[in-house]
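Here the structure comes first, spelled out in structure tokens, and everything after it is commentary.
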Amino acid sequence: MTHKIRRQLSSLLLLTLFLLVASAARAQPQPPPPRDAAGLFARAVERQRAGSLAEAIEDYRQALKLRPDLLAAHVNLALAYVQLKRTDEAVTSLKEALRLRPDHELARDRVRITRERIEYVKHLDELKAAAERATASARASSSTSSKTSTPTLPRCSGGMWKSRVDGAAYLTAGARRLRRPRSSRPTS
């Protein structure tokens, strides 16, 4: 019987030791939060790449409080705002970046790209809303109509045809045209 008790005690001791080692491995100390602008900027970039935009924006803001002249923080902050569709704040941040260095080629390029993104998001939102309205209108008119008829096809700008029923498809085709790079767009 004493042999059985010793075996149980040694098993219990090994289990306890294993649990202590496992908990110590999990509880490794976290690195201290950065206190300088460069550290905050680096952490913001990592968070932005990981998709944690709200946390990245907060880190960019803290970095800019410490160093208001940090051009890259202004530009990246604007890009994070664009990703969240907060265009007014993005424009403000870009204006500050250009005020700091109007001759900086990268800043001007990022401003151009961000402005294009802002315009793209606006156009895409407008197209989606118009497609939803056209679809709802087509469904409402088809449900109230007692007889089935082929919808009329009024001529639209650009030589395209549009019907009430196919309004969503027409608008979707317009969105696809917007996504094409400028160089591949046909000239008219």
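The values are calculated or read from the model by the stated rules, or taken from the named source; none is laboratory data. Note that this is a predicted model, so its numbers are computed, not measured. Quick reminder, even Gly has a Cβ in these numbers, built from the backbone with ideal geometry, and neighbours come from all protein chains shown.
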Return the pair list, or none, for Cβ contacts closer than 8 Å from residues in the range 79-100 that are under 16 Å from Gly51 (Cβ atoms) to residues that are crowded, with 16+ Cβ neighbours inside 10 Å and β-branched (Val, Ile, Thr), at least 6 apart or on different chains. Leu79/Thr114; Ala80/Ile57; Tyr81/Ile57; Tyr81/Thr87; Val82/Thr114; Val82/Ile118; Leu84/Ile57
Counting only residues that are within 23 Å of the chain's Cα centre (by Cα) and not small (Gly, Ala, Ser), the range 33-53 contains a total of 9
Considering only residues that are under 30 Å from Asp69 (Cβ atoms), of a type in the set (D, E, K, R) and modelled with pLDDT of 85 or more, which ones fall in the range 96-155? Glu96, Arg99, Arg101
Of all residues in the range 41-88, which are surrounded by fewer than 20 Cβ atoms within 10 Å (Cβ to Cβ) and among the β-branched types (Val, Ile, Thr)? Val45, Thr87
Please pick out the residue among Arg108, Arg112, Arg99 that is surrounded by 14 or more Cβ atoms within 10 Å (Cβ to Cβ) and among the charged types (D, E, K, R). Arg108
